[in-house]
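The values are calculated or read from the model by the stated rules, or taken from the named source; none is laboratory data. Here the structure is a predicted model, which is why all the values come from computation and not from measurement. These accessible areas exclude ligands, DNA and RNA; they are computed on the full protein's heavy atoms, side chains included. Shrake-Rupley method; radii C 1.70, N 1.55, O 1.52, S 1.80 Å.
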Amino acid sequence: MNRILCAVRGGPGSEKTIATAIALAKKERARLVFLYVINLGRYLSSSGDRMESISMEMRRMGEYVLLMAQAMAAREGIVADTSVREGGVLEEIFAICQEMGIESVVMGKPLPDSDENCFSLEKLEVFAKKLEEKYEVSVVLVEKKS
């Protein structure tokens, strides 16, 4: 069965990305996988106890975001798996694509001049090209509303 990966962070910008992934899964009759990546890089200077607490809170938030996405998919008759991972966003997307035989990845495009972005549009486009060339995965970048 075809698998589509949808990487989400939560928030209003994710809704359109999730809806696009669900529509694609419906069209392709594919199984959907929602991914939330916890990147603790910006918290590395915190103490060990604090890092553990931050990690647990971010995991809970990610699980909640993915449960909401999974419920949206279920309302459309789409079966969706979820995965919360810890590490670099791009590295975790590469890893899950290899592990699960993902054929398509759906991600939101960053808004220009927004501090909510994980990375720039240029970095995302380079990443998408690498996914397409190296792993033969098609990438759908969803324009978020501003």
>> Using only Cα atoms and rounding to the nearest 10 degrees, what angle (0 to 90) does helix 121-135 make with the longest principal axis of the chain?
In response: 60
> What figure in square angstrom, to the nearest 10, would you give for the accessible area of residue 18 with a 1.4 Å probe?
Replying inline: 10
> In the set (1) 2, 8, 11, 14, 16, 17, 16, 10, 5, 2, 0; (2) 2, 10, 19, 22, 21, 14, 7, 3, 1, 0; (3) 2, 11, 22, 25, 22, 12, 4, 1, 0, which value of P(r) over Cα pairs in 5 Å bins from 0, in percent was calculated from the structure you see?
Replying inline: (2)
>> Between the range 63-88 and the range 1-32, how far is it from one alpha carbon centroid to the other, in angstrom?
In response: 9
> What accessible surface, in Å², does a 1.4 Å probe find on residue 81, ignoring ligands, DNA and RNA and rounding to the nearest 10?
Replying inline: 40
>> On a full-extension model of 0.36 nm per residue, what is the gain between residue 49 and residue 136, subtracting their alpha-carbon distance, rounded to one decimal in nm?
In response: 27.2 nm
> Accessible area of residue 24, 1.4 Å probe, to the nearest 10 Å²?
Replying inline: 40
> In vacuo Debye scattering of the range 63-104, one point per C-alpha: log10 I(q)/I(0) at q = 0.35 Å⁻¹?
Replying inline: -1.07
